[in-house]
Ligand code: SF4
């Protein structure tokens, strides 16, 4: 993880910065620490507890409540482990937990209880695993956030993927365009961008940003997406439907429009994964379906994301209808 960027990690200092009165939210006993990039924090409206970006990142006492059906591993990550850090849930695709590091700790995270650890043997093991599994055509770099890797390690991951003839697609899931865009605006040699530029001449690259609210998108994210488009990378976005953040028609419509303005297609709107500690973000299915029906009347079809849910042992994400 890079350490030359700035993050908010201290609850009281963060509240002071936001011009909010002090309060205690059981943070001392919350196992999921607070981490917010200062870039993301700069887009939060000061003095407003209900700011939709703040609600995504501010630890809350509600996370400590036990709620039936909300579990440590809501999407069956553990049972799909092939080897440490290498997960296969779907035919032809493999997911790599490339790093435990994130640029932000989203309070609704489905992997908030995942037993992450950095493993220096992962790259050579991935290399061997891919050599043996010739039915894999797509490798998904996930985490954590794969773009939190240093330039050299990221390059090493990409290299072992590029050399596999049977792999035709590299997919990257990331929050970086809205949290630490400087990671991708650096276009020097050895940079992540430089690596992706070379990779895009050899394989299909699908870049999936995770943006939940239009207020997260700014000039820097626009520049990141523009640069990636110019080198031929496919840009998609997935969002999570979150109570108090984006569970209204106006926000979802604005999000689709703004993503499109920045060159990104909204493809998934996820129902919340039932991880332990996130129940207060839940939007009921009936409301989610109603929202989708309403935004469908206001947007062209290509800007309407698919409402889906991921469940353990399902062969694919399931549409909610
Ligand atoms: S960036 Fe992704 S992995 Fe990290 S906390 Fe947010 S949702 Fe979880």
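Results, tabulated for the structure shown:
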read-out: Degrees between helix 122-132 axis and first principal axis of the chain (Cα, 0 to 90, nearest 10); value: 60
read-out: Two-site label geometry, residue 66 and residue 220: point separation in nm, points 7 Å out along Cα→Cβ; value: 4.1
read-out: Convex hull volume per residue in cubic angstrom - Cα atoms of region 1-136; value: 140
read-out: Binned Cα-Cα distance frequencies in region 207-321 - 5 Å width, integer %; value: 2, 12, 22, 23, 19, 13, 8, 2, 0
read-out: Extended-chain gain in nm, criterion 0.36 nm per residue less alpha-carbon gap, residue 188 and residue 42; value: 50.0 nm
read-out: Over the chain, relative contact order from alpha-carbon pairs under 8 Å, at least 6 apart, %; value: 18
read-out: Share of alpha-carbon pairs per 5 Å distance bin for region 69-319, given as whole %; value: 1, 6, 13, 18, 19, 18, 14, 7, 3, 0, 0
read-out: Max mean-square fluctuation residue, GNM over the chain, Cα-Cα springs under 10 Å, options 13, 72, 216; value: 13
read-out: In nm, spacing of pseudo-spin labels at residue 257 and residue 321 (7 Å Cα→C-beta vector); value: 2.9
read-out: Contour excess over end-to-end distance, with Cα ends at residue 25 and residue 234 and 0.36 nm allotted per residue; value: 71.2 nm
read-out: GNM top mover of 37, 256, 159 - the chain, alpha-carbon springs below 10 Å; value: 159
read-out: Spacing of the two label points (7 Å from each Cα toward its C-beta) at residue 159 and residue 117, in nm; value: 2.6
read-out: Length gained when the stretch residue 294-residue 13 is fully extended (0.36 nm per residue, less Cα-Cα span); value: 97.1 nm
read-out: Shape category assigned to region 13-67 from the gyration tensor of Cα positions, a/c cut at 1.5; value: prolate
read-out: Residue 227-residue 204 FRET efficiency (beta carbon distance; Förster radius 25 Å; 0.05 resolution); value: 0.90
read-out: Residue among 69, 144, 263 with the largest mean-square fluctuation in a Gaussian network model of the chain, springs linking Cα atoms under 10 Å; value: 69
read-out: Area projected by the alpha carbon convex hull of region 178-246, averaged over all directions, nm²; value: 4.9
read-out: Between helix 151-162 and the chain: long-axis angle, C-alpha atoms, 0 to 90°, nearest 10; value: 60
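Taken together, the values in this text are just the output of simple stated rules run on the coordinates, not laboratory data. For clarity, every value in this text was computed on a predicted model and none was experimentally measured. Heads up, the Cβs are rebuilt from the backbone with ideal geometry, glycines too, and the neighbour counts pull from every protein chain shown.
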